[in-house]
Amino acid sequence: MSTSASPVASDEVATHVVNQIGFIELERPKALNALSTGMIRAMLAALERWREDPEVLAVVVRSDHPRAFCAGGDIRFLYESFQRDDQAARDTFFSEEYRLNHAIFTYPKPYIALLNGVVMGGGMGISQGAHRTGGLRVVTASTRMAMPETRIGLFPDVGAGWFLARTPGALGRYLAVTGETLSAADALYAGLADVYLDEAALPALVETLRTEAFERGSDVVACIERECAAYKVAPAPEASTLATTRAFIDRHFALPDIGRILASLQAERNGEVAGWAEQTIGVLRERSPLSMAVSLEVVSRAEGSMSDCLRRDLDLTRTSFAHGDVVEGIRARIIDKDNAPRWRFARIEDVSADDVAQMFESPWPAAEHPLRDLQG
């Protein structure tokens, strides 16, 4: 068994090769492994170094912290950069984060994400792409997966719109707007996870990966699938909360805009799922009306390539900070914690199609876009 340490290992991320597997270990537990610019750079550097290395068969990203795989990006840093008028810091953070997301999505070797605890926002960006590499997204009983950005006036970024657009029925639209948190069974049902493993079995799995002999990256994947086959998530995915409410989600969230979705839910108040409708209306009333409308459009526009999605995400980060609700959302939810955001639009019904379209206008000519070179 060979072991090599990474020259870019830091206090927040450790990257090393053991037994022909590149391990990326997130080590910022006090922030629930929220991604900093330094973490993003360390991860991307490791992936680039291992991309053509014949001694690295596959990549595993994980966290030893039981509460979180990764709770997202460093929101407080982004807020502070706005307060000091440091546009360059935000552009750098998002551009480099999205380059990392794209590198994972297009990686030529199996990329495996062990998703215990909180998996939100940026945590989705460094895990969902595993599905495209021949790798795996492994969930456990502690997994809590979400793109909760509308709660702070943002939108599902990190290319998540691409994955949400490919979930069954209107689930992606529902998840983008509400930010609903998914259990392991929900994630498997939605196609946002691949296999389930008991939490207690994670250390033994990692030890097996460090010691078992592998000839190909597919052997690493097969080993994990074999270990996971012994465990079954309960409830079964088809009995998950998401599955049992799927018909109602499709009925309402397939509608073309937030105003009509809200009206449809209000009409359901005396129907067969009045309680669910009332609860969902309550969620929508708490979220930023503008960011919900933008989030629906993010999913609607995600039929193309991941690179197109990420370029659009970067455009939206600019307009969200300049003209949207994200600064106020972070203030209310994270900084002051008064939970009383003053959104740009007071009511869902007040957001027009033109208001939404303006948010998608790119501040860069195509030839000068920071992510213009991304393909696929």
If each K or R counts +1 and each D or E counts -1, the residues other than Ala31 whose Cβ falls under 12 Å of its Cβ total 0
Here the gain from full extension of Ala267 to Glu225, 0.36 nm per residue of separation minus their alpha-carbon distance, amounts to 10.6 nm
Here the relative contact order (percent) of the chain, from C-alpha pairs under 8 Å and at least 6 apart, is 16 percent
Taking alpha-carbon centroids only, segment 175-207 lies from segment 27-78 a number of Å equal to 18 Å
Here, trypsin sites (Lys or Arg not before Pro) of segment 111-217 satisfying both criteria (DSSP loop; at most 15 other Cβ within 10 Å) are Arg216
Residue-ordered couplings for segment 283-298, obtained by feeding phi - 60° into the Karplus form 6.51 cos²θ - 1.76 cosθ + 1.60 and rounding to whole Hz (Gly and Pro as x), are 5, 4, 5, 8, 7, 5, x, 5, 6, 5, 5, 5, 5, 4, 5, 4
Helix 87-105: inclination vs the chain longest Cα principal axis, degrees, rounded to 10, gives 60 degrees
Lys and Arg at +1, Asp and Glu at -1: neighbours of Arg251 with Cβ under 15 Å from its Cβ sum to +1
Charge tally for neighbours of Ala58 with beta carbon under 13 Å away, counting Lys, Arg as +1 and Asp, Glu as -1, is -1
Note, segment 133-140: 3J(HN,Hα) by Karplus (6.51, -1.76, 1.60, θ = phi - 60°), whole Hz, Gly/Pro = x, goes 9, x, x, 9, 10, 9, 10, 10
Note to self: C-alpha centroids of segment 109-152 and segment 221-265 sit apart, in Å, by 15 Å
In order over segment 118-123: 3J(HN,Hα) from phi, Karplus 6.51/-1.76/1.60, θ = phi - 60°, whole Hz, x for each Gly or Pro, gives 6, 10, 9, x, x, x
Checking segment 271-364 for trypsin sites (Lys or Arg not before Pro) in a loop per DSSP with at most 15 other beta-carbon atoms within 10 Å yields Arg301, Lys337, Arg342, Arg347
Semi-axes a, b, c in Å (a largest) for segment 274-358, each sqrt of 5 times a Cα gyration tensor eigenvalue, come to 23, 18, 13
Partner aspartates and glutamates whose C-alpha sits under 17 Å from that of Lys337, ignoring same-chain residues fewer than 8 away, are Asp74, Glu80, Glu149, Glu286, Asp325, Glu328
Any GluC sites (Glu not before Pro) in segment 265-318 that lie in a DSSP loop and have at most 15 other Cβ atoms within 10 Å would be Glu272, Glu303
Within segment 198-212, the residues whose backbone N lies under 18 Å from a label point placed 7 Å from the Cα of Ala141 along the Cα-to-Cβ direction are 198-205
Given unit charges at Cβ for Lys, Arg (+) and Asp, Glu (-), the dipole magnitude of the chain about its Cα centre in debye, nearest 20, is 380 debye
Quick calc, Thr92 & Ala367: beta-carbon distance into FRET formula, R0 30 Å, rounding 0.05, result 0.90
For the chain, the Kirkwood Rh over every pair of distinct alpha carbons, in Å, works out to 21.1 Å
With the dipole of the chain defined by +1 on each Lys or Arg Cβ and -1 on each Asp or Glu Cβ, the option from Val13, Tyr196, Leu374 whose Cα lies farthest towards the positive pole is Tyr196
Once both label points are put 7 Å beyond Cα along the C-beta direction, the Thr241-Arg132 separation in nm becomes 2.9 nm
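Values quoted throughout were computed directly from the atomic coordinates according to the rules given, and no laboratory measurement underlies them. Keep in mind the model is a prediction, meaning the values are calculated, not measured. So basically every Cβ, Gly included, is an ideal-geometry build from the backbone, and we count neighbours across all protein chains shown.
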